[in-house]
1. Given the structure, is B:T87 among the β-branched types (V, I, T), within 11 Å of chain A (Cβ to nearest Cβ) and either assigned to a loop (DSSP other than H, G, I, E, B) or farther than 29 Å from B:I133 by Cβ (or both)?
2. Is region B:244-260 home to any residue that is crowded, with 18+ Cβ neighbours inside 10 Å, under 16 Å from the mean Cα position of the chain (by Cα) and part of a loop (DSSP other than H, G, I, E, B)?
3. Return yes or no: is A:P121 within 21 Å of A:K89 (Cβ to Cβ), touching a residue at least 40 places away in the same chain (Cβ under 8 Å) and surrounded by fewer than 22 Cβ atoms within 10 Å (Cβ to Cβ)?
4. Would you check which residues across region B:187-211 are without any contact (Cβ under 8 Å) to a residue 24 or more places away in the chain and in a strand (DSSP E or B) and list them?
5. If I ask for residues that are among the small types (G, A, S), more than 13 Å from chain A (Cβ to nearest Cβ) and either crowded, with 19+ Cβ neighbours inside 10 Å or on the phi > 0 side of the Ramachandran plot (or both), which ones from region B:109-154 would you list?
6. Just for region B:37-70: of the residues that are part of a loop (DSSP other than H, G, I, E, B) and among the hydrophobic types (A, V, I, L, M, F, W, C), which one is surrounded by the fewest Cβ atoms within 10 Å (Cβ to Cβ)?
Amino acid sequence: MIIVSEDEDESDSSPLLFLRQPVHDSVLNINHDYRYLRMGYYVSAHAETYGVEVTPDCTEIMDAYRNPLLIEKARRYGLPTNGYRLVTKPKDDLSTPVMLLAVNPFTNNSMKIVKSGSKLPGMIKKMSMDSRFPVSLHPVRGEVLEIIQMFGESSNDETSEFARRFFEIFNIPICKLIVQIDDGNVILNHCEPALRKEVKWDIVHEKVHKIKQSI
Amino acid sequence: MKIACFVEAYNFDDKSERNALLKFKSTAESMGHLFEFIFKEDITRIPEYDALFIRATTDPSNSAYIVSRLAEQSGLKVIDDPRSIRTCSNKAILHDLFLKNNVPSPRSLLFTGDYSQENLDSIFKTLGCPVVIKTPYTRFSSHVEKAGNEKELIEISKKYLRKSKVLIIQEYVQSHFDWRVGILRNKVLYLCKYCIPEGGWKVKSKINGKNVWGDTIAVPRDSISPELENISISLSKCVGDGLYGLDVKETDDGYKVIEINDNPSIYDGYEDTIDTDIYEKIINALVS
């Protein structure tokens, strides 16, 4: 297995070097950002072109980072969600408080929470870029938390079992998850890149070391 | 069968595109199928259908990718499928695919912003001059520019690198037209010449400050040369078994593939002029 990372001490190749070479072995792609058109994505795409197994693969990346795909996959695998609705313009039957997530090619860190019904139409108009792109709406029923998931470990003890299940289902080594804690239950709302400084690299290092030993 | 055709409002702006969409609908209905146009807000209705045909512009960043993937997961027959969208929408991934599969194509390099003199010299030594600079997400000849010297290469690439980590720099191959080979299920569906407008160097060129498209000349698909057919089918098989449009240059050194596109243009009075059965063949691919 080839470990590709800029940040992990035990990596075998940097992303840039990896992209310039043919691939003949399975790949573990460790990055805090797998967004489309970023290096993290290209590493997985390069491995796929050469027909080798890669973690995560491009389908898994897209399933996690595109909000409707994330929620549909979570539902299928029984990971709790509280549903979503896609809109491109304000509707009469929308209620607050609500979490809004932009489903467009340009935005990262797009999550907004709107508590007042009067502010909702303006926010939908803005986030949909005047009805050009959908906005994913999630009801807010609990406390909203951002956690960092690293190989199934969570930066927050309360969500450790949830992070383990998330990794099992989505196979994304590192990401930021937006969740709600509602009556003790952890509910998934969104997945996006973590910032490099948010990642506990000692946890990542420990996990990678174990994976290497098991090969 | 119930066929959903995912479109956006802009698909109806151009008369030829609008007429082609209506031909798809009437063809499907004459074959006994239901054919409905669906838009972004109908995404959650996808499981109601048996097949999905995407005509809105596809890209992994667009709504069309979400529609395609949801349809695939719901067991629908899908054109364009998610893998084809991911592969064809990104010219850096195509560069990789061409290298891996020895596809005859202009010499190309990935560029990530190494402006050392050694690298700049090496680019022109390897590719010649001028060179073509492309972003991975280029479409309809946009985000593609020609650089005739080092200064232009630096200027253009710095502009594009603001939005992309990777660019493709390619040998410039001059021609009066590109072959457009339409492929469906790894068979030739139609054949056209996409002409380069006079005074331009690509199919959509800026001439005297205005965007000008070259003519489209349809050619009978049966007249395709065996070599071009063989190259086209071999490449389409590397991507999948969907609907593709290949752009190929004919040179003294043989054919050189520029790119393979998912979601190829099909306009009434253009691609369909000679082989008029392309609508029926696409509907058949969706329902069989």
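1. Details: among the β-branched types (V, I, T): yes; within 11 Å of chain A (Cβ to nearest Cβ): yes; either assigned to a loop (DSSP other than H, G, I, E, B) or farther than 29 Å from B:I133 by Cβ (or both): no.
No; evaluated as a whole, the condition is false for this residue.
2. no
3. Working: within 21 Å of A:K89 (Cβ to Cβ): yes; touching a residue at least 40 places away in the same chain (Cβ under 8 Å): no; surrounded by fewer than 22 Cβ atoms within 10 Å (Cβ to Cβ): yes.
Criteria not met by A:P121.
4. Kept after step one, since they are without any contact (Cβ under 8 Å) to a residue 24 or more places away in the chain, are these residues of region B:187-211: B:195-200, B:206-211.
Of everything in region B:187-211, those that are without any contact (Cβ under 8 Å) to a residue 24 or more places away in the chain and in a strand (DSSP E or B) turn out to be B:C195, B:K206, B:I207, B:K210, B:N211.
5. The answer is B:G128, B:S141, B:A147.
6. B:F39
Values quoted throughout were computed directly from the atomic coordinates according to the rules given, and no laboratory measurement underlies them. Source: prediction; values computed, not measured. Neighbour counts are summed over all protein chains in view; Cβ atoms, including those assigned to glycine, are modelled from backbone coordinates with ideal geometry.
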